[in-house]
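What follows is a short report on a single structure.
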Amino acid sequence: MPLKIKLKLAPSIVLMVSLGLGEISQAGEFPTAFFQAIYWQPGEPDTLCYAPWGNALEENASLVEVQVSSSVLSRKFAYYGSSPIHFYRKNPIASNEHSKTGVKGSAFGLEEAGSHAFESGAISPVEEVLLLMNERLEPLVLRPLDFSAAKVPSGAYLFQSFAKESTYYQVGRDKFALAAGASKLIAPLSVQEEELKVEGFLRRKEKYQSAMVRKIGGFRKKRGLFLIRVEGNVIRPYLLMERARTYDSSLGYGVRSTTNPLPEIQKEGNATLP
């Protein structure tokens, strides 16, 4: 019988795996997509789980748990299946009754929390940040943001407004306005300093008032998202930062589709980015 282990990887992430012969990478396969998630509204963390191969309805499907909060972006999690990806929450009643189906939309003690349809990349895998826009324990309302290297390369920062008014910025020497709901990609290559200063302004009483200051060290080796919202006279951004593009450390990466051993595939080598 496989040994069940609970690994605490970070304050915002918990991974549940079964350590056995079934958890070895299926050689030659590379994920269809990589996701990260964060709640837009403040609140307690919410534990979601998914099947990396999209086969959660199978009794022996491999499942991974991701604890999503509003304070920090979750670690990347890999998905090998086709669109859409389905997310589940544990259903204690169904689990206690050893039900294989539980309530409608659930499987093996899992209740479907929502799904996300995405367009598969023709050359490289999809990379998205999923904003969970609604309250916890409700069906998920997800808003995807493209976080691929083609969209946000290293050294660049995407500003996405969720504000109901225009906001204004100085990033290094660059100045720009961001209309309500608009987005803009900034790559401050002309900045000579090692630290990038980002200052935001609001227009109040026909004057520009400083409403936010952030400083990013080592910004040339990072990339990120500024998710903008305004509260009163203050710009309160979610700053989602990534230092390096990593894949093999993603949750669900290299996990077999089932927890039972599959026929051995006679192929050597590790999966690499197309």
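The values are calculated or read from the model by the stated rules, or taken from the named source; none is laboratory data. For clarity, every value in this text was computed on a predicted model and none was experimentally measured. Virtual Cβ from ideal backbone geometry, glycine too; neighbours counted across all protein chains shown. Each accessible area value is taken on the protein alone, full model and side chains, heavy atoms only, with ligands, DNA and RNA left out. Shrake-Rupley method; radii C 1.70, N 1.55, O 1.52, S 1.80 Å.
Total residues in segment 105-124 satisfying the condition of being in a strand (DSSP E or B) and modelled with pLDDT of 90 or more: the figure is 5.
A quick yes/no check of all residues on (1) touching a helix residue (DSSP H, G or I) at 6+ places or on another chain (Cβ under 9 Å); (2) surrounded by fewer than 17 Cβ atoms within 10 Å (Cβ to Cβ); (3) in a strand (DSSP E or B):
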position	(1), (2), (3)
Arg143	no, yes, yes
Ser154	yes, yes, no
Gln160	no, no, yes
Ala163	no, no, no
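Comparison of Ala180, Ala149 shows that the only residue that is under 30 Å from Ser115 (Cβ atoms), in contact (Cβ under 8 Å) with a residue 12 or more places away in the chain and open to solvent by 40 Å² or more (accessible area, probe 1.4 Å) is Ala180. For segment 211-233, the tally of residues that are open to solvent by 20 Å² or more (accessible area, probe 1.4 Å) and over 15 Å from Leu178 (Cα atoms) stands at 11. Of the residues making up segment 165-176, those that are open to solvent by 20 Å² or more (accessible area, probe 1.4 Å) and in contact with a strand residue (DSSP E or B) (Cβ under 8 Å, 6 or more places away or on another chain) number 8.
Within the option set Ser83, Ser70, being open to solvent by less than 50 Å² (accessible area, probe 1.4 Å), in a loop (DSSP other than H, G, I, E, B) and modelled with pLDDT of 90 or more holds for one residue only, Ser83. The set of residues in segment 183-205 that are open to solvent by 50 Å² or more (accessible area, probe 1.4 Å), at pLDDT 85 or above and either part of a strand (DSSP E or B) or more than 16 Å from Phe226 (Cβ to Cβ) (or both) comprises Ser183, Lys184, Leu185, Lys197, Arg203, Arg204, Lys205.
The single condition among (1) touching a residue at least 24 places away in the same chain (Cβ under 8 Å); (2) within 25 Å of Leu130 (Cα to Cα) that Glu194 does not satisfy is (2). In segment 125-177, the residue that is nearest to Arg89 (Cα to Cα) out of those that are modelled with pLDDT of 90 or more and among the basic types (Lys, Arg) is Arg143. Against the conditions (1) modelled with pLDDT under 85; (2) assigned to a loop (DSSP other than H, G, I, E, B); (3) surrounded by 12 or more Cβ atoms within 10 Å (Cβ to Cβ), Met241 satisfies every one except (2).
Checked against (1) in contact with a helix residue (DSSP H, G or I) (Cβ under 9 Å, 6 or more places away or on another chain); (2) closer than 24 Å to Gly121 by Cβ, Asn60 passes all but condition (2).
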